[in-house]
Protein chains: 2
Amino acid sequence: MKRRNTPTKEAVLSVITKSGQAMSQDAIEGEISIDINRATIYRVLNRFCEDGVLHKVIAEDSKQYFALCDGCDETHQKHQHFHFKCTVCETLECLPNEVNYSIPSGYHVEHVNCVLTGVCKKCS
Amino acid sequence: MKRRNTPTKEAVLSVITKSGQAMSQDAIEGEISIDINRATIYRVLNRFCEDGVLHKVIAEDSKQYFALCDGCDETHQKHQHFHFKCTVCETLECLPNEVNYSIPSGYHVEHVNCVLTGVCKKCS
DNA sequence: GTTTAAAAGCGACTATGTCGCATTACTAGG
DNA sequence: CCTAGTAATGCGACATAGTCGCTTTTAAAC
Ligand SMILES: [Mn+2]
Ligand SMILES: [Mn+2]
Ligand SMILES: [Zn+2]
Ligand SMILES: [Zn+2]
């Protein structure tokens, strides 16, 4: 199961990196120069998530958005920060603000998905 | 646009109330005694959301879950509490714990969607 | 260069949710 | 109680997101 370097992987990662935001599959396909199959894009994205390169966020539009992991090793950080989805420019970004939650005892949290929706700084 | 009372509305609300949890369309359809069209169930649910009877949560499975609003009038409370989705029993419940977020200035938040995923108290 | 297995392409498929339109059935007014 | 008006339902079609199996291609190890 060793990863290989492919033009597809590089292209996908480059588009996300340049955007500076979280991106959905269709946004990536739209921005990318070469033609990549939809299923392939999803497979590339999911592999990046497995490898701790990207993390996945579910927004209120029920779509998956993929964002760069910023200095988090898989085992420790769980991407417990807020995300912001702007209804005007449609972008989704990672916020620096951490999610601090407390839950009743007996519950075991494995993933956190917190998305705030509204109007972003630029669009205000 | 005045609402009417129909058997469908009552049946849907009754199923959700009895369950004590947030429910998806397919779960509702499965639990309900009478036969109701899928599109109709969604329309009923969305009307309840407009009327402040239910609120909608997007879980990590990208599905919509609908939960009873507990003493919140539409204008004030924004359902800013955490939700918990159990990966074992597949249920999604509203937690009493409030979401306290701080975001960079310039951002205007309209909706909050926070879901914790893991194993619930019962399934632990 | 050969080998081999990971990755890509393609098509089909599932699932969720929405929409338009014809039909049904609440409910208010008489 | 009847009737008219319109909200709500059923049905079918549709859109979109995401996945899967299978074949072909290709990275990279030897
Ligand atoms: Mn993030
Ligand atoms: Mn809730
Ligand atoms: Zn914006
Ligand atoms: Zn459970």
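Worth pointing out:
- Interface B-A: total buried accessible area of about 2900 Å², 1.4 Å probe, protein heavy atoms only.
- When Rg and Dmax are taken over the Cα atoms of segment B:7-118, they come to 14.6, 50 Å.
- Surface composition of the protein assembly as shown: carbon and sulfur atoms hold 47% of the protein heavy-atom accessible area at a 1.4 Å probe.
- In the full protein context, chain B carries 57 Å² of accessible surface per residue, based on a 1.4 Å probe and ignoring ligands, DNA and RNA.
- Axis of helix B:38-50 versus longest Cα principal axis of chain B: the two differ by about 50°, to the nearest ten degrees.
- Long pairs among A:56/A:122; A:18/A:85; A:2/B:56; B:2/B:85; A:2/B:85; A:121/B:9, criterion Cα-Cα beyond 30 Å: A:2/B:56; B:2/B:85; A:2/B:85; A:121/B:9
- The angle between the Cα long axis of helix B:7-19 and the longest principal axis of the Cα atoms of chain B comes to about 50 degrees, rounded to the nearest 10.
- Loop GluC sites (Glu not before Pro), segment A:1-100, which have at most 15 other Cβ atoms in a 10 Å radius of their Cβ (DSSP): A:74, A:90
- Taking a straight line from the alpha carbon of residue A:63, these aspartates and glutamates sit under 18 Å away, with near neighbours fewer than eight places off in the same chain left out: A:26, A:29, A:31, A:90, A:93, B:60, B:61.
- Helix content alone sets the calculated 222 nm mean residue ellipticity of the protein assembly as shown: runs of n ≥ 4 DSSP H residues at -39500 (n - 2.57) each, divided across all residues, give -8000 deg cm²/dmol.
- Convex hull per residue volume in Å³, alpha carbons only, for the protein assembly as shown: 171 Å³
- Most fluctuating residue given options B:85, B:56, B:18, as computed from a GNM of chain B linking Cα atoms under 10 Å: B:18
The values are calculated or read from the model by the stated rules, or taken from the named source; none is laboratory data. This is a predicted model, so every value here is computed, not measured. We place every Cβ from the backbone using ideal geometry, glycine too, and count neighbours over all the protein chains shown. To get the accessible areas, we keep the full protein, side chains included, count just its heavy atoms, and leave off ligands, DNA and RNA. Shrake-Rupley method; radii C 1.70, N 1.55, O 1.52, S 1.80 Å.
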